[in-house]
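Notes follow the structure.
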Amino acid sequence: MSARVSRIGRGVVALALVGVAARAIAVEETSAGDAERVAKLEAEIAALVQQHASCSSARACRVMPVGFDACGNPRYHVTFGDAPGAWREIYRRALTVTYTEEDTFDAAPRPTDCRAVALPDTTCSDGRCVLVR
């Protein structure tokens, strides 16, 4: 009976190891898929920002955080004019990028040297919205 139990135990361990390996492969594939998705969305955000960059005054400029770093801050910010529909289109893509990246950092411990990042100011310069650093 002990030989049979030993074989069953080894079988369970083998199945567990196969499961761990399959999970690691799935995570790598998901990460690669997420990276492609984020790159595509960021290209769309850049195109929309370029399309809606015009302004008549600083009051017409909006700023939006994009992405998620290890500290929970946005990776960067974009600014654009307040053309009808621009905010909604950019926001939807920026939020998807942020949530996707947040899932990447969700299980990892946060660095101990994190600092909050303030929302940058924006202004209208030569008829285009620009971030003020």
### Message
So in the range 37-64, with the set limited to residues that are β-branched (Val, Ile, Thr) and in contact (Cβ under 8 Å) with a residue 60 or more places away in the chain, which one is surrounded by the fewest Cβ atoms within 10 Å (Cβ to Cβ)?
### Response
Val63
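Across the range 119-133, which residue is nearest to the chain's Cα centre (by Cα) among those that are at pLDDT 90 or above, exposed (fewer than 13 other Cβ atoms within 10 Å of the Cβ) and not β-branched (Val, Ile, Thr)?
Just the residues of the range 119-133 that are at pLDDT 90 or above, to begin with: 119-132.
Adding the requirement that they be exposed (fewer than 13 other Cβ atoms within 10 Å of the Cβ) leaves 119, 125-127, 132.
Filter once more, keeping what is not β-branched (Val, Ile, Thr): 119, 125-127.
Values: Leu119: 17, Ser125: 29, Asp126: 31, Gly127: 30 Å.
Out of the qualifying residues, it is Leu119.
May I ask you to list the residues in the range 101-115 that are over 29 Å from Lys40 (Cβ atoms) and of a type outside the set (Ser, Thr, Tyr)?
Applying the first criterion (over 29 Å from Lys40 (Cβ atoms)) to the range 101-115 yields 109, 112-113, 115.
Answer for the range 101-115, where residues must be over 29 Å from Lys40 (Cβ atoms) and of a type outside the set (Ser, Thr, Tyr): Pro109, Asp113, Arg115.
Given the criteria modelled with pLDDT of 90 or more, open to solvent by 60 Å² or more (accessible area, probe 1.4 Å) and part of a strand (DSSP E or B), does Arg88 qualify? Can you show your working first?
On the way: modelled with pLDDT of 90 or more: yes; open to solvent by 60 Å² or more (accessible area, probe 1.4 Å): yes; part of a strand (DSSP E or B): no.
No, not satisfied.
The values are calculated or read from the model by the stated rules, or taken from the named source; none is laboratory data. These figures come from a predicted structure and were not determined experimentally. Please note: Cβ atoms are built from the backbone with ideal geometry, for glycine as well, and neighbour counts cover all protein chains shown. Note: accessible area is taken over every heavy atom of the protein model, side chains too, but ligands, DNA and RNA are not part of it. Shrake-Rupley method; radii C 1.70, N 1.55, O 1.52, S 1.80 Å.
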